[in-house]
Structure formats: C-alpha cells, structure tokens
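What follows is calculated from the coordinates using simple rules that are stated; it is not laboratory data. These numbers come from a predicted model, not from an experiment. Virtual Cβ from ideal backbone geometry, glycine too; neighbours counted across all protein chains shown.
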Amino acid sequence: MGNITSATIIKRVILLSQKLKGYLFLFLTIFLFSTFEIVGHTLTSIDTAFVNAFRFFVGGLVLLPFALYHMKKEGTKLSGKDYLWLFLLGLLNAVFSMNLLQFSLKYSPASTSAILFSTNPIFVALFSSLLLREKPTPNQIIGILLGILGSFFVTGGMQTDNIIGPLLSLGAAALFGLYTVAGKNLTVKLGSLTVNSISFLFGGAVNWLFLFVNNQSVWQINANNYLRLLYLGVFVTGLAYYAFFTGLSVLDTTAGSSVFFAKPVFASILAWIFLDEPITWNKAVGIVIILIAMRFVMSSSKSKQSEEA
C-alpha cells in the first residue's frame, strides 16, 4: 500500500509540475504580448511596414529552428499548396493585421489599441460560424454583442476625434481573427510552430518588398531604436509565440486562450506606468465588459469540445 501511495504522489507531483510549467510559460506570453503596444507606440516615427518587416522576419528566424526540429521529428514535408497557404497567412497577419495595429498607435493611446485588439477571440467565433459553418451558440452571440458594447466604452463613445485609431485596432483584431480561422486546418496538419515561423518570414519579406516598391527606406534602424526593434522581433514575436506553444503543449487550448483575457489589464497597467496613460472609468468598464464577452465565447467553445469528446 505504501508503494502505491508513493507512486501516486510522485505522479501527481510530476503532473502538477508540468501544469505549473505550462502556466508559467503562458504568464510569460501574457506579459510579452502586453508590451507590444507600449513599445510600438514609441516607434510611430518609423514606417509601419518597416517595423513589421523587421519584427516578423526576426521573429520567424527565432522560431525556425524549433519549427525545423518539429518537422523532422514528425516527418512533415511541405507541398507547393502548403507554401501558398503559408504565404497568404503571412499576408493576413504580418502585412494586413499588424500594419493596421501598428498604424492605429499613431491615433490612439497604446492601452486603447491593446484592449480593442484583444477582442480578436470574438472575431474568431464570428468567422468560425461564417467560414467553417460552425453554428454560433447563444453564448457566442451574447459574447459578440457584449464585445461591441465593451469596445464602445473603451473608445469613449467613438467621438469623431478618436474614431480612426479604434477602427484601425478593431480592423486589426478582425483580420487576426480571420488569420486564426483560415490557418486552423493547416495548423492541425503542420503544427503551430511551422505555420507561424514560415508565415512570419513570408510576411516580413512582403513588408520589405512593399517598402522597396514605394521607394521608402528598407533599413530604418539607428542607435535610438535598434534595441526596441530587436525586442519586438526576438521577444514579442519570437519568444512569446514559442512560450505560447510550449504552454499549450501541456495545457488545453482554453487555458491558452486565456492569454487574451488578461492582456487588456496588463497592457493598461503598463501603459499607465510607462506612458502615463490614465485608466479612465469608461476604459475600466470596457475592460470588464470585454473580459465577460470573451468568457462567454470561450465557455461556449469549451462546451462544444466536451460534447464532441
């Protein structure tokens, strides 16, 4: 009996340590993701396309060794069709979505952009019902409506003097949601590390091509900004995504999605500390409503997964 009890205790300790490891990686992800808008807000004098060209190309290179190891381990081979889809995903995320988000920082406080971009799980639910023909549940519908209401509070009622930035942030969130849904099948086939690494490299290259075609400088790094750009590329894009996938490897996807639950709170606090952006009453109310909205969406997703199981 003693041996059985000892073995059970050891197994539980190992399981607990694995879960703790997963949550620690997700906590790191939350923190790194929450700093993007803070650092990006200090780089608005640089061309938006260059910020994302450098950020995603470097981030893709950071993830590439892990992606290659995963492909070798699983015996995965990419077809021409796979490369085409990875290229299109790179356009959706690194070119369209992230350029809108970076551009929104020229017109909105960093915390506002961060909060509105965090509504992307709501768009994931919306696009899943439209494109994957996954019938929306009552909880998802409630979540989408609450997300709209929360966005209204965060932006201060969408006054004419601040409507551009919030609309760009919501556009970025919508495109990121589309990117997530569009890449779902390919992610199942190739793995998240492979999909993100290669699509990041494609997206970064396209951003650089855009600069070249428009006769803009393709190298805008100087002594004042190189550390911030490296931080965005290596930490926010490369290591944050690696930590995200590592956390998901030991926890379920619902726990992984909780990264976006906490981001509005973290980002608002960081913006208050480093950028002196006040946390107004309407922004606080909007954060709470958006968190409730995403909780409705994710609880609905969890129920679906339980029914399928």
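Would you tally the net charge around ASP47, using a Cβ to Cβ cut-off of less than 15 Å, leaving ASP47 out, and scoring K and R as +1, D and E as -1? All intermediate terms of the calculation are to be shown ahead of the outcome.
Numbers: positive: ARG55, LYS106, ARG228; negative: none.
That sum, taken over residues with Cβ under 15 Å, equals +3.
State which entries of LYS19/LYS189; LYS81/LYS106; LYS189/LYS263; LYS73/LYS135; LYS21/LYS73 exceed 32 angstrom in Cα-Cα distance in the structure shown.
Details: LYS19/LYS189 25 Å; LYS81/LYS106 37 Å; LYS189/LYS263 29 Å; LYS73/LYS135 36 Å; LYS21/LYS73 23 Å.
Violating the 32 Å limit, Cα to Cα: LYS81/LYS106; LYS73/LYS135.
Quick one: if you stick a label point 7 Å off each Cα along the C-beta vector at THR44 and ARG133, how many nm between them?
Rounded to a tenth, the inter-label distance reads 4.5 nm.
Which ordering of TRP272, TRP208, TRP281 is given by a fewest-first count of other beta-carbon atoms within 10 Å? Let's see the in-between values first.
On the way: TRP272 13, TRP208 20, TRP281 9.
So the ranking, lowest neighbour count to highest, is TRP281, TRP272, TRP208.
Can you put SER217, SER128 in order, fewest other beta carbons within 10 Å first? Please report the intermediate quantities before stating the final value.
On the way: SER217 11, SER128 20.
So the residues, fewest neighbours to most, are SER217, SER128.
Would you mind counting up the charge near ALA271? Only other residues with Cβ under 9 Å from its Cβ, with Lys and Arg at +1 and Asp and Glu at -1.
Values: positive: none; negative: GLU37, ASP276, GLU277.
In short, -3.
Order of GLU277, GLU37 from fewest to most other C-beta atoms within 10 Å? Before the final figure, lay out each step's value.
Numbers: GLU277 19, GLU37 28.
Result, fewest neighbours first: GLU277, GLU37.
Give me the net charge of LEU105's neighbourhood, meaning all other residues with Cβ under 14 Å from the Cβ of LEU105; Lys, Arg count +1, Asp, Glu -1. Present the calculation step by step, with values, prior to reporting the outcome.
On the way: positive: ARG55, LYS106, ARG228; negative: GLU37, ASP47, GLU277.
Once all neighbours under 14 Å are counted, the net charge is 0.
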